[in-house]
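To start, the structure under review is shown below, and the notes come after it.
The values are calculated or read from the model by the stated rules, or taken from the named source; none is laboratory data. In this text, all values refer to a predicted model and were calculated from it rather than measured experimentally. As a convention, Cβ positions derive from the backbone with ideal geometry for all residues, glycine included, and neighbour counts pool all protein chains shown. Ligands, DNA and RNA are excluded from the accessible area calculation, which covers all protein heavy atoms including side chains. Shrake-Rupley method; radii C 1.70, N 1.55, O 1.52, S 1.80 Å.
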Amino acid sequence: MGNWVENEGLSIFVVLVWLGLNVFLFWWFYLAYDVPQKFFYTRELLGCCSTRVRRQLDRNLTFHKMVAWMIALHTAIHTIAHLFNVEWSVQARVEEKNTLASVLSKLGDKPEESYVNFFRQTIPNPVGGLYVAFTYLAGLTGVIITLALILIITSSTKTIRRSYFEVFWYTHHLFVIFFIGLVIHGAGRIVRGQTEESLAVHKPEICYKNFSEWGRKGACPIPQFSGNPPMTWKWVVGPMFLYLCERLVRFWRSQQKVVITKVVIHPFKTIELQMMKKGFKMEVGQYIFVKCPAVSKLEWHPFTLTSAPEEDYFSIHVRIVGDWTEGLFNACGCDKQEFQEAWKLPKIAVDGPFGTASEDVFSYETVMLVGAGIGVTPFASVLKSVWYKYCHDATNLKLKKIYFYWLCRDTHAFEWFADLLQSLETQMQERNNAEFLSYNIYLTGWDESQATHFVVHHEEEKDVITGLKQKTLYGRPNWENEFKTIARQHPGSRIGVFLCGPEGLADTLNKQSISNSEADPRGVHFIFNKENF
């Protein structure tokens with residue numbers, strides 16, 4: 001046993017040295033190409049560590065979901081396999097037949113023997129299986145971590161997450177119990193193997209045929225066994241260390257002072273929070289996590305930034321749809337009629353910003369922006385930034401054409417966003433570039449009376465709903481026609497398609513992007529991008 005411990009320690013040391021050497025070599029040669037001036041233009045050409053490359057790290061939610069499903073799949077396989085293992089182990093202990101399994105199971109009943117079958121009782125199934133599940137450390141921790149995983153996954157469904165976010169948030173933190181149980185799951189050492197000393201005198205491939213003669217003179221000696229030590233901690237300690245570091249960074253950032261400079265109440269129970277924070281820098285379409293201790297000391301909620309990088313503040317729009325947002329609404333004094341003093345506004349903690357697909361909007365000459373309902377918020381930031389660029393100097397702006405689509409069920413949701421579109425519309429007209437922005441607003445929740453109203457006022461100069469020259473459309477877009485029309489108008493272009501909306505719409509736009517892209521590299525290509533949260 002001492003030799004085994006020594007060899008195991010040596011193996012761990014060799015692995016750590018090998019990993020450390022790889023990390024050192026990676027960092028050494030990264031600096032070798034990242035620092036010297038002779039590679040300056042090479043870095044510019046290749047875009048080393050560009051925004052596009054760095055943004056892959058911001059797709060953490062997609063990676064998180066993939067890892068979660070893999071954990072769920074392998075947990076199911078692991079659990080089913082152990083159910084069979086337990087059944088066979090319990091059965092082998094109680095059967096009277098002179099089989100290899102029964103002989104192995106009886107090893108350890110005598111003082112000089114070690115056992116290989118972890119189940120030492122003689123309780124038949126199914127009671128024996130339940131006994132293992134609720135009295136053995138491996139069984140009990142297995143039940144706990146499986147239940148924790150089931151609760152985490154079921155509470156992460158879209159219905160629960162959107163309608164009962166608090167349930168999702170608190171249940172998701174059962175991962176702490178999951179990983180604690182996972183680390184100690186193997187401490188009982190129920191998986192046992194033959195010792196090195198025993199293997200030297202008892203060759204399993206030869207001795208298993210004469211198991212009834214074991215221990216007799218001239219025959220194979222009785223094999224000796226020991227349990228494998230728990231190994232999971234080796235795989236968990238690294239990620240857990242990184243997680244703790246991330247939590248410490250988030251805690252440090254959350255302690256930095258955030259000042260709410262303005263609270264704007266928009267129609268349809270939507271509020272806008274304008275904030276300032278020292279050193280805060282953002283790009284278009286990014287999002288932040290927000291915590292309001294007056295509402296909940298633990299909950300962090302993601303919100304898309306609706307301000308532009310050119311503004312001296314950053315803002316979010318919050319639609320009041322749940323307990324937490326209702327609490328924020330009241331904490332900001334929006335439920336009161338009188339003016340709210342700034343010093344009475346609640347303390348806000350902000351973590352971020354974090355990158356999204358929308359950051360790449362200015363990498364294309366032509367883009368399609370598609371927002372569904374409140375999903376228009378990342379494009380508010382984009383359109384504001386375009387407005388500021390045109391107010392100052394748009395000569396260096398690569399983006400030449402925006403096709404903007406907004407799908408919403410009712411008229412109220414248009415009101416808070418219409419002012420921005422009106423400003424853009426006026427700005428483009430004054431600069432004789434009205435064709436720069438082509439926007440299409442679709443009212444999808446229309447009824448017969450609304451349709452009649454639409455027909456009556458269709459000939460008016462401005463739309464009666466938004467106040468824009470572009471008339472509000474009823475129903476849903478014919479995406480095939482839209483893509484084909486845009487493809488004809490921009491031959492040989494790479495067109496960015498950006499969506500913040502439901503999965504069904506994402507599937508439709510992704511299929512249209514593929515079907516309307518040409519095989520010829522010189523032809524038109526639609527590049528689909530979707531927000532991940």
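Some notes on this structure:
- Pairwise label distance in nanometres, LYS400 with MET276, each label 7 Å out on the Cα-Cβ vector: 4.0
- Solvent-accessible area, 1.4 Å probe, carbon plus sulfur percent, for segment 143-205: 72
- Sparse packing (at most 15 other Cβ atoms within 10 Å of the Cβ) combined with a DSSP loop state is found for the following trypsin sites (Lys or Arg not before Pro) in segment 140-209: ARG189.
- Annotation: amide H of CYS220 within the under-5 Å range of GLY215, sequence separation 5 or more or interchain, hydrogens built in the peptide plane.
- Listed residue pairs exceeding 27 Å between alpha carbons, taken from LYS110/LYS217; LYS278/LYS398; LYS281/LYS400: LYS278/LYS398
- With protein chains left intact and a 1.4 Å probe, residues in segment 217-292 average 61 Å² of accessible area per residue.
- A cut-off of 5 Å between modelled amide H atoms, ignoring neighbours fewer than 5 places along the same chain, links LYS269 with no other residue.
- For segment 286-346: rounded, prolate or oblate by the Cα gyration tensor [a/c cutoff 1.5]: oblate
- Our estimate of slack between GLN121 and ILE320, defined as 0.36 nm per intervening residue step minus the Cα-Cα distance, is 65.8 nm.
- Gyration tensor verdict on segment 289-392 (Cα atoms; rounded if a/c is under 1.5, prolate if a/b is larger than b/c, oblate otherwise): prolate
- SER493 long-range amide H proximity, modeled H, under 5 Å: VAL524, HIS525
- Normalised per residue, the accessible area of segment 136-183 is 55 Å², obtained with a 1.4 Å probe and no contribution from ligands, DNA or RNA.
- Added length on full extension, which subtracts the Cα-Cα distance from 0.36 nm per residue, ARG162 to LYS257: 31.3 nm
- Compared with the direct C-alpha span, the chain from ARG409 to VAL143 gains 91.2 nm at full extension, assuming 0.36 nm per residue.
- Cβ-Cβ FRET estimate between VAL176 and GLU480, R0 fixed at 41 Å, reported to 0.05: 0.25
- 3J(HN,Hα) couplings calculated from phi for segment 86-101 with the Karplus curve 6.51 cos²θ - 1.76 cosθ + 1.60 (θ = phi - 60°) are, in sequence order, 5, 4, 5, 5, 5, 5, 5, 6, 9, 6, 9, 5, 8, 10, 4, 5 Hz; Gly and Pro show x.
- Remark: spin-label model distance GLN422-GLU96 equals 9.4 nm, labels positioned 7 Å along the Cα→Cβ axis.
- Residues ALA187 and PHE13, FRET efficiency given R0 of 30 Å [Cβ-Cβ distance, rounded to 0.05]: 0.85
- With K and R counted +1 and D and E -1, the other residues having a Cβ less than 12 Å from that of TRP479 yield a net charge of 0.
- Label-to-label distance, MET70 versus GLN337, with points set 7 angstrom from Cα along the beta-carbon direction: 5.9 nm.
- The 3J(HN,Hα) values that the Karplus relation (6.51, -1.76, 1.60; θ = phi - 60°) gives for segment 310-315 are, in residue order, 6, 7, 8, 9, 10, 9 Hz. Gly and Pro appear as x.
- For GLY492, neighbours were defined as the other residues whose beta-carbon sits under 12 Å from its Cβ, and their charges (Lys and Arg +1, Asp and Glu -1) total 0.
- Label zone at VAL23, where the point sits 7 Å out along the Cα-to-Cβ direction: segment 222-254 residues whose backbone N lies under 12 Å: 238-239, 241-242
- In order along segment 381-389, the phi-based Karplus estimate (6.51 cos²θ - 1.76 cosθ + 1.60, θ = phi - 60°) of 3J(HN,Hα) comes to 5, 4, 5, 5, 4, 4, 4, 5, 5 Hz; Gly and Pro are listed as x.
- Low-density loop cleavage sites - GluC sites (Glu not before Pro) in segment 322-367, where at most 16 other Cβ are within 10 Å (DSSP): GLU338, GLU341, GLU365
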